[in-house]
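Some notes on the structure that comes next.
The values are calculated or read from the model by the stated rules, or taken from the named source; none is laboratory data. Bear in mind that the values here come from a model prediction, so they are computed numbers and not experimental data. Virtual Cβ from ideal backbone geometry, glycine too; neighbours counted across all protein chains shown. Only protein heavy atoms, including side chains, enter the accessible area calculation; ligands, DNA and RNA are left aside. Shrake-Rupley method; radii C 1.70, N 1.55, O 1.52, S 1.80 Å.
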Amino acid sequence: MVSGMVGRGTALGALLLSFLAVPAQALPAQAAPAQASPAQAAPAVAAGGRAPAIARAEGAPAPDLAALRQVLRTAVAKGAPGAMARIDDHGTVHRIAEGVADRGTGRAISTEDRFRAGSVTKSFSSVVLLQLVEEGSVDLDAPVNTYLPGLLPDDRITVRHLLSHRSGLYDYTDDMFAQTVPGFESVRNKVFTFQELLDLSLAHPPTGVPGTAYRYSNTNFVVVGQLIEKVTGRSVHDEYRDRIIEPLKLRDTSYVHPGTALPGRHTKGYLRPDEAGAPLVDSTRQTASWAQSAGAMISSTRDLDTFFSALLRGRLLPAGLLTQMRQWAPVNSTQGYGLGLRRRDLSCGVSVQGHTGTVQGYYTYSFTSENGMRSITAVANTSNNTDVLNVMSGTLEAAFCGKPPAAPTARGTARGTAPAERHEDIAPGIARD
């Protein structure tokens with residue numbers, strides 16, 4: 001690892017991290033945001049997609065906190081027990097929360113709570129693997145079977161194809177969660193090996209030719225977990241801890257698989273059944289073994305803001321690999337996917353980068369500006385509710401464009417904004433309205 005970068009056993013990196021860390025001020029949600037500073041770095045030029053818009057620095061609009069609060073209230077009105085968001089903006093912190101963390105006790109949801117972060121885990125997995133690339137242990141463009149001989153049926157599938165969802169590997173969660181609650185209950189307490197999950201995928205033919213079109217598949221990051229463990233000889237738990245969690249002082253972030261409990265103060269998750277009017281299911285406790293390196297991380301709004309800010313500011317990866325991480329495969333007209341990293345283009349011409357997370361009982365949006373200086377993590381404690389998922393995307397407009405999200409049209413999407421969200425992070429082949 002290069003000096004100044006956070007990584008396992010890098011004392012200098014840890015020292016620089018403490019020097020560069022932005023203080024988190026405990027300010028009320030109504031506090032005025034700090035004046036934006038010049039951008040720290042130029043955006044990467046997209047490969048396989050258009051170049052992202054340049055995020056404004058001087059004169060950037062302040063977050064619209066009233067609009068953000070209204071988004072969270074609307075999410076609660078649409079069926080989420082609670083919703084919360086934290087913005088870290090050039091050292092100023094805004095926290096807003098609506099609704100409850102626990103339907104039984106009525107405890108209010110709080111941005112201090114931990115929650116299941118779902119597919120945001122993929123960004124952690126990518127950082128670990130890209131650090132191994134920097135160390136010379138892995139080649140991005142080498143076939144996966146170079147490191148795991150005979151694992152995959154196609155020698156053309158490279159490490160890069162896994163990280164960019166262009167491997168053509170079928171997503172096993174399409175079968176697993178074809179029925180939402182029965183599927184969840186069948187795996188809630190089950191412990192899978194990586195190989196068992198991969199075998200579920202390989203029972204199906206490939207969905208495409210390796211290296212061609214983007215097609216989201218949790219299977220890719222199951223193989224990433226296998227690759228990390230094979231190359232390092234250590235568990236993904238230890239790699240997350242030593243390379244990211246401890247160096248960044250992420251006090252609320254953990255990988256407890258196959259444990260079922262969220263440590264410390266946390267928000268409970270509530271899964272909506274497919275049947276209209278059926279009661280919500282408390283889905284908080286589970287092994288998350290069906291997800292592992294694709295989605296089993298537990299975190300908080302503070303820690304995810306810290307993580308993505310550090311990543312985009314170059315404190316986890318060298319510039320060259322961060323540029324490769326931001327080579328975007330097109331998802332749709334307003335979104336791209338890099339190497340375990342999403343790009344979203346907002347209505348005001350700003351592009352933000354981070355990841356979404358869907359796991360039973362939780363929706364997460366965690367994104368930062370291209371210079372890493374303004375970040376938001378927003379969470380609703382429900383899932384299998386497309387209305388809530390769509391509403392929560394409006395937190396990005398409020399945080400980065402300084403305005404409310406556009407009103408929906410009669411077809412249910414906003415004029416001039418991204419298409420309606422789908423459950424891409426979990427069972428991406430299954431869309432429910």
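Contact annotation: residue pairs with Cβ atoms under 8 Å, 6 or more positions apart or on different chains, pairing a residue in the range 187-204 that is among the β-branched types (Val, Ile, Thr) with a partner that is surrounded by 12 or more Cβ atoms within 10 Å (Cβ to Cβ), are Val187/Met176; Val187/Gln286; Val187/Thr287; Val187/Ser289; Val187/Trp290; Val191/Pro258; Val191/Thr287; Val191/Ser289.
Here's the yes/no breakdown for (1) of a type outside the set (Ser, Thr, Tyr); (2) open to solvent by less than 10 Å² (accessible area, probe 1.4 Å); (3) under 20 Å from the mean Cα position of the chain (by Cα):
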{"site": "Thr74", "(1), (2), (3)": "no, no, no"}
{"site": "Arg95", "(1), (2), (3)": "yes, no, yes"}
{"site": "Asp102", "(1), (2), (3)": "yes, no, no"}
{"site": "Arg107", "(1), (2), (3)": "yes, no, no"}
{"site": "Glu112", "(1), (2), (3)": "yes, no, yes"}
{"site": "Gly150", "(1), (2), (3)": "yes, no, no"}
{"site": "Met176", "(1), (2), (3)": "yes, no, no"}
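Of the strands (runs of 3 or more DSSP E) that lie entirely inside the range 54-168, those containing 3 or more residues that are touching a Pro at 6+ places or on another chain (Cβ under 8 Å) span 92-99. The set of residues in the range 293-311 being open to solvent by less than 10 Å² (accessible area, probe 1.4 Å) and in a helix (DSSP H, G or I) consists of Ser293, Ala294, Thr301, Asp303, Leu304, Asp305, Phe307, Phe308, Ala310, Leu311. Considering the range 194-227, and only residues there that are assigned to a loop (DSSP other than H, G, I, E, B) and hydrophobic (A, V, I, L, M, F, W, C), the residue that is farthest from Leu140 (Cα to Cα) turns out to be Ala203. Among the candidates Ser164, Ser217, the residue that is under 21 Å from Arg342 (Cβ atoms), open to solvent by less than 50 Å² (accessible area, probe 1.4 Å) and in contact with a strand residue (DSSP E or B) (Cβ under 7 Å, 6 or more places away or on another chain) is uniquely Ser164. Put simply, of Phe184, Phe192 the only residue that is more than 21 Å from Glu424 (Cβ to Cβ) and buried (at least 20 other Cβ atoms within 10 Å of the Cβ) is Phe192. Could you run through the range 322-342 and say how many residues are closer than 17 Å to Leu396 by Cα, open to solvent by 10 Å² or more (accessible area, probe 1.4 Å) and within 16 Å of the chain's Cα centre (by Cα)? Result for the range 322-342: 1.
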